[in-house]
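Chemist: Provided herewith is a single structure, encoded as structure tokens, for subsequent inquiry.
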Amino acid sequence: MIRGVRGATTVVKNTENEIIGKTEELLRTMIVANQINATDVAQVLISVTADITACFPAKALRKFDGWEYVPVMCTKEIAVPNSLPSCIRVMMTVNTETQQKDVQHIYLHKAVTLRPDLVKSFSVDN
């Protein structure tokens, strides 16, 4: 079964270290919470708001062992008035037996305001 696993986070500064760090935190949490193996991932789409320009957040995934063959693409989020600024969103397409209602979508930092109905607390060992 193919499922989409969603996630979002925000950055405080438009710097490469901040963008990569927050994206890595988000991806790691998504992977652990959903027990995702790289070999089960069809693709990862990452969007950013227009104010994030210092680097491609996809660079964060390239730091993960075993993820070098997973296709990743970055894109710009549409500019909706009054939308959450400094936001990185992820859509990971995964082959899994997990039921749709049991997929753990991850929202961190100020992105918790996007889907408060789905926000849960997770801890990830780095």
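Chemist: Could you list all residues from region 36-51 that are polar (S, T, N, Q) and either touching a Ser or Thr at 6+ places or on another chain (Cβ under 8 Å) or over 17 Å from Gln104 (Cα atoms) (or both)? Break it down stepwise before answering.
Modeler: Going through region 36-51, the residues polar (S, T, N, Q) turn out to be 37, 39, 43, 47, 49.
Scanning region 36-51 gives Thr39, Gln43, Ser47, Thr49.
Chemist: Can you tell me which residue among Ala111, Ala54, Ala79 is out of contact with any strand residue (DSSP E or B) (no Cβ under 9 Å at 6 or more places or on another chain), within 19 Å of Val11 (Cα to Cα) and at pLDDT below 95?
Modeler: On inspection, the qualifying residue turns out to be Ala79.
Chemist: Given the conditions (1) in a loop (DSSP other than H, G, I, E, B); (2) at pLDDT 95 or above; (3) farther than 28 Å from Lys13 by Cβ, report the number of the one that Thr93 does not fulfil.
Modeler: (1)
Chemist: Tally the residues that are more than 9 Å from the chain's Cα centre (by Cα), under 23 Å from Leu114 (Cα atoms) and of a type in the set (Asp, Glu), restricting the search to region 16-64.
Modeler: Final tally of qualifying residues: 2.
Chemist: Let me ask something else about it. Which of the residues spanning region 49-58 are without any contact (Cβ under 8 Å) to a residue 40 or more places away in the chain, among the hydrophobic types (A, V, I, L, M, F, W, C), surrounded by 16 or more Cβ atoms within 10 Å (Cβ to Cβ) and assigned to a loop (DSSP other than H, G, I, E, B)? Explain how you work it out, then say what you get.
Modeler: The first filter runs over region 49-58 and keeps only residues without any contact (Cβ under 8 Å) to a residue 40 or more places away in the chain, leaving 49-51, 53, 55-58.
Narrowing the set further to residues that are among the hydrophobic types (A, V, I, L, M, F, W, C) leaves 50, 55-56, 58.
Narrowing further to those that are surrounded by 16 or more Cβ atoms within 10 Å (Cβ to Cβ): 55-56, 58.
Selection gives Cys55, Phe56.
Chemist: Answer yes or no: is there a residue in region 59-74 that is assigned to a loop (DSSP other than H, G, I, E, B), touching a helix residue (DSSP H, G or I) at 6+ places or on another chain (Cβ under 9 Å) and free of Cβ contacts under 8 Å to residues at least 24 places away in the same chain.
Modeler: Checked against the condition, which is being assigned to a loop (DSSP other than H, G, I, E, B), touching a helix residue (DSSP H, G or I) at 6+ places or on another chain (Cβ under 9 Å) and free of Cβ contacts under 8 Å to residues at least 24 places away in the same chain, region 59-74 yields at least one hit.
Chemist: Could you go through region 19-29 and let me know if any residue there is surrounded by 13 or more Cβ atoms within 10 Å (Cβ to Cβ) and among the small types (Gly, Ala, Ser). Outline the logic, then answer.
Modeler: Residues of region 19-29 surrounded by 13 or more Cβ atoms within 10 Å (Cβ to Cβ): 19-29.
Checking the rest, the ones that are also among the small types (Gly, Ala, Ser) come to 21.
Yes, region 19-29 contains a residue that is surrounded by 13 or more Cβ atoms within 10 Å (Cβ to Cβ) and among the small types (Gly, Ala, Ser).
Chemist: Go through region 12-48 and give me each residue that's of a type in the set (Val, Ile, Thr) and assigned to a loop (DSSP other than H, G, I, E, B). Steps first, answer last, please.
Modeler: First pass over region 12-48, keeping only residues of a type in the set (Val, Ile, Thr): 12, 15, 19-20, 23, 29, 31-32, 36, 39, 41, 44, 46, 48.
Those that are of a type in the set (Val, Ile, Thr) and assigned to a loop (DSSP other than H, G, I, E, B): Val12, Thr15, Ile36.
The values are calculated or read from the model by the stated rules, or taken from the named source; none is laboratory data. Quick caveat: nothing in here was measured; it's all calculated off a predicted structure. Note that each Cβ is placed from the backbone with ideal geometry, even for glycine, and that neighbours are counted across all protein chains shown.
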